[in-house]
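Colleague: Handing you a structure now.
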Amino acid sequence: MTRFLTLAAALIMGLGLSGPARAAELGEDGLHKTEWMRDTFKDLREDLAEANAEGKRLVLFFEQRGCIYCTKMHEEVFPRPEIGSYIAENYFVVQLNLHGDIEVTDFDGEVLSEKRMARKWNVLFTPTILFLPEEVSEDASAAQAAVAVMPGAFGAGTTLDMFTWVREKRYELDGDEDFQRYHARRIQERANGSTD
């Protein structure tokens with residue numbers, strides 16, 4: 001019997017069915033904390049420079065205490081190895097609290113609390129993820145400069161496709177494949193057995 005249980009455990013581990021991935025811990029502010037989130041001074045110009053130095057893209061994650069949709073993302077989407085590792089390898093993530101009081105310095109130099117910055121950028125829902133380009137004009141706000149915004153919780157496929165679409169700079173490509181068309185194509189490719 002012991003041999004059977006050991007064999008079954010090895011088989012499950014080998015198939016990657018060891019159970020659900022561990023969700024992020026909650027911080028003192030009530031927000032989920034992952035190993036790929038950065039604790040910075042929230043000066044976006046400095047954060048962008050650091051992201052560029054690491055060859056990563058800067059993203060801003062707005063969340064709030066008690067957000068059931070944030071919890072869904074942190075329990076069901078971000079722990080998936082293909083998503084969590086993709087974010088960690090390619091993105092410099094700065095978390096912001098929709099109702100927070102920590103000062104944030106925008107690209108245009110304006111300094112506001114997190115909650116006032118959320119109002120300035122018209123962020124109404126959590127989670128909201130702003131994807132930034134590698135260069136931002138000194139007179140632009142993060143909201144003006146963002147190349148994409150992911151407003152709300154989405155499933156694993158949509159989330160991975162959005163992060164991939166931004167990382168590949170597909171928003172710069174001429175043609176008819178905006179994110180919706182890109183995502184539809186990726187859904188079809190996955191249905192046909194593509195693992196890319």
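The values are calculated or read from the model by the stated rules, or taken from the named source; none is laboratory data. The structure displayed is predicted, hence computed values, not measured ones. Here Cβ is always computed from backbone atoms with ideal geometry, including for glycine, and neighbour counts include all displayed protein chains.
Colleague: Could you check how many residues of segment 38-77 are farther than 30 Å from residue 137 by Cβ, in a loop (DSSP other than H, G, I, E, B) and touching a His at 6+ places or on another chain (Cβ under 8 Å)? Let's see the steps before the verdict.
Modeller: Here is the first cut: in segment 38-77, the residues farther than 30 Å from residue 137 by Cβ are 65-77.
Still in the running and in a loop (DSSP other than H, G, I, E, B): 65-67.
Imposing the further condition that a residue be touching a His at 6+ places or on another chain (Cβ under 8 Å) reduces the set to 65.
Number satisfying all stated conditions: 1.
Colleague: Can you pull out every residue in segment 50-82 that is farther than 26 Å from residue 28 by Cβ, surrounded by fewer than 21 Cβ atoms within 10 Å (Cβ to Cβ) and either in contact with a helix residue (DSSP H, G or I) (Cβ under 6 Å, 6 or more places away or on another chain) or in contact (Cβ under 8 Å) with a residue 24 or more places away in the chain (or both)?
Modeller: 52, 54, 56, 80, 81, 82
Table: residues versus (1) β-branched (Val, Ile, Thr); (2) surrounded by fewer than 16 Cβ atoms within 10 Å (Cβ to Cβ).
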site: 122; (1), (2): no, yes
site: 141; (1), (2): no, no
site: 148; (1), (2): no, no
site: 156; (1), (2): no, yes
site: 159; (1), (2): yes, no
site: 162; (1), (2): no, no
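Colleague: Right, something else. State yes or no: is residue 159 touching a strand residue (DSSP E or B) at 6+ places or on another chain (Cβ under 6 Å) and touching a residue at least 60 places away in the same chain (Cβ under 8 Å)?
Modeller: On the way: touching a strand residue (DSSP E or B) at 6+ places or on another chain (Cβ under 6 Å): no; touching a residue at least 60 places away in the same chain (Cβ under 8 Å): yes.
Answer is no for this residue.
Colleague: Against the definition (surrounded by 15 or more Cβ atoms within 10 Å (Cβ to Cβ), basic (Lys, Arg) and touching a residue at least 60 places away in the same chain (Cβ under 8 Å)), how does residue 116 come out, yes or no?
Modeller: no
Colleague: Continuing with the same structure: Looking for whichever is surrounded by fewer than 17 Cβ atoms within 10 Å (Cβ to Cβ) and modelled with pLDDT under 90 here; the options are 24, 10. Which one fits?
Modeller: 10
Colleague: In addition: The conditions are (1) over 19 Å from residue 49 (Cα atoms); (2) in contact with a Gly (Cβ under 9 Å, 6 or more places away or on another chain), and residue 138 fails exactly one of them. Which is it?
Modeller: Every listed condition holds for residue 138 apart from (1).
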